[in-house]
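Structure first, commentary second.
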Amino acid sequence: MSSELQNFLRSIPSMDELLSLPWAAETELELGRDAVKSLFGEVLDGIRMSAREGETPPARISDVIEDEARRLMEARSRASLRAVVNATGVVVHTNLGRSPLPGEALDAVASVARGYSTLEYSLESGGRSHRNAHVEWLLCRVTGAESALVVNNNAGAVLLALTSAARGREVVVSRGELVEIGGAFRIPDILSFSGAKMVEVGCTNCTRAGDYRSAITDETALLLKVHPSNFRMEGFTESAARSELVALARESGVAFMEDLGSGLLEELGVPELGGESTVRACIDAGVDVVTFSGDKLLGGPQIGCIAGSRELIDGMRRNQLIRALRVDKMCLAAFETILRMYLKGNSGEIPTVNMLRAGAEKLRARAEELRCSIEELFRELSVSSYDVSVVGTEDAVGGGSFPAAPLPGWGVALRSTTGVRASHLADGLRNASTPVIAGISCDSVVLHVRTLWGDAGTGVLNALREAVGGGRLR
Ligand SMILES: *Cc1c(COP(=O)(O)O)cnc(C)c1O
């Protein structure tokens, strides 16, 4: 080892010196001594490692260590799962938690989370009952299904349905529907994991009812149709109609399951989003099992729903997997509230549904309002280095739904007149105490108003105050 390196390693402050820094003592109150020690350890190891690898050691090493450790500890002391403002215009944004819940649902969650509840208890008999009973009757009412079951998410619903209805037997599925939904949910993999044998029929772009028909054998348990969700095929394409597959399944004595994905319960009445089937339309058409998510178009908490035939769903209830996929009380409380809102005809108050239905004129007026508030804020902060304008935007449903149907929306574009890059302003907004996630287009930051739910507009102004008011981004 060179004497230079030895000298450098000796100049690194000791753990005890670091722990006695005043701010480190404060951090200890948040994280505890062991965690603070291990974070200092991480930083020291990193510095020693890069010095040994021949990187030139920084001059004022104790400052560097202190800065690095402080940054790390601040990050670790902050809550990790935090509320953010979604200014992207993507309504069902999986990375941002999909569907915001209405106040009524939050109240229901708080009231069961705060204390004990009737989760698996019948007030009528004074004895045990089933947790899913709180929502299954309601699900049947809003979908028209004979029976229903809920699990942790739709991936779980599909897995449970396939395992229970087709394990050790054959499932016939179109080659055009062997899709990946994202996050490792791939239809061929889930079929293999369920223990069913996948029988692919048709071609990537064309599959007809006859293709399914010729694949049916004594071993066939079900025909499976999967909503292609996040992709669209164009050109020469054909797929078997739902009604044809229902008739074929009936006549062959096999079941027909449809993984619908996004779980539309009511027509949205938005022209760009036409052509999407509701769960009820599938049930009315005679589909035996329909699976869908609770937190996509339905607008509820993360949950997976299975609706359809009593006989098949009773089979799923007896499957061991159901214990591993069960839903917790907070989700059930939120979901029950949401389903009651549909039942009452109040779906327009469900945030996701409301944001999807928001019309262009209303959005334009809101964008105009936001522009005024931002200009007022900038005057107050004496910031004159941004062009603030109302712009048309392309919003999106998200959550792997309607990939080819951008929703026309409105927003406010911020463009620096002094050369501040849009990405830098976006970073600043993302690092605000309530982070704002915005879009970027043509070197402007674009705040899409469609997804500014509740008091998110105030959140945007606060973040701008922090980001631009500080000076660096003026
Ligand atoms: C989204 C989706 C899934 C997965 O649902 P999660 O609720 O995210 O588990 C499965 N199938 C389809 C068709 C989907 O669109």
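Pull out the extension gain between residue 119 and residue 326, defined as 0.36 nm times the separation in residues minus the alpha carbon to alpha carbon distance; nm, one decimal.
Details: separation 207, 0.36 × 207 = 74.52 nm, distance 1.22 nm.
So the chain would gain 73.3 nm between residue 119 and residue 326.
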Subject >> Whole-Hz couplings from phi, Karplus 6.51/-1.76/1.60, listed for region 63-72; x for Gly and Pro >> reply: 5, 4, 4, 5, 4, 4, 5, 5, 4, 5
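Residue 7 to residue 52: extension gain in nm, 0.36 nm per residue of separation minus the Cα-Cα distance?
15.0 nm is the gain from fully extending residue 7 to residue 52.
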Subject >> Filtered trypsin sites (Lys or Arg not before Pro), region 225-288: DSSP coil and at most 16 other beta carbons within 10 Å >> reply: 232
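In debye to the nearest 20, how big a dipole does region 242-374 give about its Cα centre with +1 on each Lys and Arg Cβ and -1 on each Asp and Glu Cβ?
Dipole magnitude for region 242-374 comes out near 480 debye.
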Original post:
Cross-link partners among lysines for residue 344, C-alpha distance below 22 Å, same-chain residues fewer than 8 apart left out?
Top reply: 296
Original post:
Does anyone have the angle between helix 154-166 and the longest principal axis of the chain? Alpha-carbon axes, 0 to 90°, nearest 10?
Top reply: 30
Original post:
What FRET efficiency comes out for the pair residue 384/residue 75, r = Cβ-Cβ distance, R0 = 35 Å, nearest 0.05?
Top reply: 0.55
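Are there any GluC sites (Glu not before Pro) in region 2-95 that are in a DSSP loop and have at most 11 other Cβ atoms within 10 Å? List them by number. Don't skip to the end; give the middle numbers.
On the way: sites: 4, 17, 26, 28, 30, 42, 53, 55, 66, 68, 74; in loops: 53, 55.
Here the GluC sites (Glu not before Pro) that fit, given the DSSP loop and packing criteria, are 53, 55.
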Original post:
What's the FRET efficiency of residue 208 with residue 357 using the Cβ-Cβ distance as r and R₀ = 41 Å, to the nearest 0.05?
Top reply: 0.70
Original post:
With all protein chains present, how much of the accessible area of region 3-77 (probe radius 1.4 Å) comes from carbon and sulfur, to the nearest whole percent?
Top reply: 47
**OP:** Return one whole number: the accessible area per residue of the chain in Å², for a 1.4 Å probe.
**Re:** 49
Original post:
Label residue 20 and residue 318 with points 7 Å out from Cα along Cα→Cβ: what is the distance between them in nm?
Top reply: 7.2
Original post:
Given the Cα-Cα distance of residue 461 and residue 243 and 0.36 nm per residue of separation, how much length would full extension add, in nm?
Top reply: 73.3 nm
Original post:
What angle do you read, to the nearest 10 degrees and between 0 and 90, between the alpha-carbon axis of helix 456-469 and the longest principal axis of the chain?
Top reply: 20
Subject >> Whole-Å semi-axes of the ellipsoid equivalent to the chain (Cα gyration tensor, √5λ, descending) >> reply: 48, 30, 25
**OP:** Could you work out how far helix 33-52 tilts from the main Cα principal axis of the chain, as a 0 to 90 degree angle to the nearest 10?
**Re:** 70
Subject >> Column: log10 I(q)/I(0), Debye, Cα scatterers of region 3-77, q = 0.24 Å⁻¹ >> reply: -1.08
Original post:
Say a paramagnetic label sat at a point 7 Å from the Cα of residue 104, along Cα to Cβ; which residues of region 343-376 have their backbone N under 15 Å from it?
Top reply: 343-354
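The values are calculated or read from the model by the stated rules, or taken from the named source; none is laboratory data. Since the structure is predicted, the reported quantities are computational estimates derived from the model, not experimental observations. For neighbour counting, all protein chains shown are included, and Cβ atoms are generated from backbone atoms with ideal geometry for every residue, glycine included. SASA here: full protein model, heavy atoms, side chains in, ligands and nucleic acids out. Shrake-Rupley method; radii C 1.70, N 1.55, O 1.52, S 1.80 Å.
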